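Notes follow once the structure below has been shown.
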Amino acid sequence: MNFKLITITRILLVILLIGFFAFGSILLSFGYSNTVRTRFIETIVNTEKLKLDIKGETFLEIGWQPELTLNNISIKNTAWAKPVNVAQIDQLSLKISILRLFDGDIFINDLSISKPKLFLLKNKKGDANWNFSDRKADSNVLELPVILENVHIISGGFQYYDEIRDMNFEGEIDVLKGSGGWQLPIILESKGSYQHKTLNLQASAGSYSELRSVKKPYPVKLNMAFGKTEIAIRGTVSNPLQVPDLKLNLSIKGPDISELFPLTGIPLPPSPAYKIAGNLSRHDTTWRFDHFKGEIGQSDLQGTVLINPKLEPLHFDMDLFAKTLDLADLSGFIGGEPNLPNQIDTEDDSLIPDHHFNLKQLRAANGKARLRATNIINKDVPLTNFDGKLSLNNGVLKFEPVTFGIDEGRVDLWMSAYGSVDPAEVDIQIQVIDLSLSKLIRKVNDIEKTLGNINGKLKIKGSGNSLKDILSSSNGEAYLVQVDGKISALIVELIGLDIFQALGFYILGDIQIPIYCAVVDVDIKNGIAQAKTLLLNTQDSVIRGNSHLSFKNETFELAITPYPRDFSPLTLRSTLNFSGTILNPKFSINPLSTLMMLPPIDIGQVQNIDCQKMIRQAKD
């Protein structure tokens, strides 16, 4: 019995001795053989999709905190033919705590990465080449397999192409430094660039022990400078590794809100300088920015913004309100430059903006937005009750509609811009309802005495990537009509160049005379608007005209001829001509004008005018 026990003991000792020498041989080989280290590391890292390729030498310093250095590393996703590599790293060095492994943590004392390059791609199906697993992770659960004490990254960069949005993003990291510990706060600082703008970041948070705590909210703090845009986040996160409950405050300020697109993915129009602050939270996959207040230019702003970045493409929902809205702050929607409020024309002396819209940004997100305002700042025409609704779906931008009031009247604007094609195809419709002419033209005192409302409609279709191109290629029609109004007699006589009666009204006082009807009927073909009918029929005179306007070069010609119904001893009978450009009009009188002592009455021009028929023809 003792012999058998001794024999078994000897066999076990031999096995243990062999295992010890085998394990020692493996350690020696791993410690001193570059080939063994390389194959061992690649074997334990590689998966069905992930392939790690170590082309350079590897070094290992043995100790309780061994340091491993790898050179010339590439990481591939075998399921993707292109790009060839997901990542390339010139050198990677990490120091691991052996003792902490017994606690179940992978504790990296130091991680240094030199010249990392990332080549990221998301295809049209929404698959990403940096996803090496078919398993869909639980978005509400964050795994923390590694604890980093010190991180140092230098001279890094990345390229990212999104096939769904057909957009490229790129950036560089000059230097990134991070530190933290089980009981020490986590601190991160980086300097670099993104989309050709500087991107500097400073962040701090609680320790790793606080991160795993379910009792104490986890504190976070972030400051980011992206170009001239400044972003700050303050607050806490409860249960950060389970179902996070965010209680954060977000503040943003910068010179132009459209510059946020590379960070948010939401296409926004150019704007003047702005600053906004509010609450930031998250529910499932949707981020919520609400109870915010701020200023954009001369306008105040408040409301709620929802963003779901998990949907393809990204989805947004905005509900905004302004107590005071400066209409100039919205000029970016039509290609204007709201940062230049005193510049009313462009460098080539034109009025219509020629700034090109970014169609790729229109295809980058889907969503809807609404902006309401009660007090409208507009230097030319007093506006009230602005309510603008827009939607964006697969590159198609729609205003449905944008409406605002002028006195007791209203203007409705519908637009559909099909950014899914290049150049964009655009439909525009504007409806004018009961607008007071005296409110539209306030700078001429006598026009303020004009009574009556005008109604009308504009319908055009065009194509182009700027408002200039759209109008220059447009086809459509427009009309304006007025019935049963009143107009200053002084203005009518001055248009008719009736010196005698105009002088009488000027000395004795102006009166208002009835307007039987006013009709403007316009055809628009290939960017040229031509008047089919231009008529003002009053009790005193009939004024007819013809005109055309070219949106391409913004030139126009307008000729109006008065036909008085009565006799006046001093009537200078002539056609009044206006021409030039929209911003530089010129006025002239027909040189054949003659001072006539007899009444210059054209019976056919002032009688038998069927106003109702002309209005019906304009509307048809």
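Of the residues making up segment 372-385, just one is basic (Lys, Arg) and in a loop (DSSP other than H, G, I, E, B), namely LYS379. Taken over segment 318-330, the criterion of being in a strand (DSSP E or B) and open to solvent by 50 Å² or more (accessible area, probe 1.4 Å) is satisfied by ASP319, PHE321, LYS323. In segment 549-599, of all residues being modelled with pLDDT of 70 or more, touching a helix residue (DSSP H, G or I) at 6+ places or on another chain (Cβ under 9 Å) and in a strand (DSSP E or B), the one that is farthest from LYS525 (Cα to Cα) corresponds to PRO564. The residue of segment 359-396 that is surrounded by the most Cβ atoms within 10 Å (Cβ to Cβ), among those that are of a type in the set (Lys, Arg) and farther than 22 Å from LEU327 by Cα, is ARG363.
Scanning segment 250-266 turns up one or more residues that are among the aliphatic types (A, V, I, L, M) and more than 16 Å from the chain's Cα centre (by Cα).
List, please: which pairs have Cβ atoms under 7 Å, are six or more places apart or on different chains, and start with a residue in segment 453-468 that is closer than 20 Å to GLY336 by Cα and open to solvent by less than 50 Å² (accessible area, probe 1.4 Å) and end with one that is of a type in the set (A, V, I, L, M) and assigned to a strand (DSSP E or B)? If the second residue must be of a type in the set (A, V, I, L, M) and assigned to a strand (DSSP E or B), the pairs left are GLY462/VAL426; SER463/VAL426.
Set side by side, the residues GLY297, GLY303 differ, and just one is on the phi > 0 side of the Ramachandran plot and out of contact with any Leu (no Cβ under 7 Å at 6 or more places or on another chain), which is GLY297. Taking segment 386-505 as the region of interest, the helices (runs of 4 or more DSSP H) fully inside it that hold 2 or more residues being modelled with pLDDT of 70 or more are 467-472. Candidates are the residues of segment 513-534 that are at pLDDT below 90 and surrounded by 15 or more Cβ atoms within 10 Å (Cβ to Cβ); the one that is nearest to the chain's Cα centre (by Cα) is ALA518. Output the residues belonging to segment 296-317 that are open to solvent by 50 Å² or more (accessible area, probe 1.4 Å) and assigned to a loop (DSSP other than H, G, I, E, B). Listed by number, the residues that qualify are GLN298, PRO309, LYS310, LEU311, GLU312.
The values are calculated or read from the model by the stated rules, or taken from the named source; none is laboratory data. Please read all numbers here as calculations on a predicted model, not as lab measurements. Cβ: placed from backbone, ideal geometry, glycine included. Neighbour counts: every protein chain shown. Heads up: the accessible areas ignore ligands, DNA and RNA and are worked out on the full protein's heavy atoms, side chains in. Shrake-Rupley method; radii C 1.70, N 1.55, O 1.52, S 1.80 Å.
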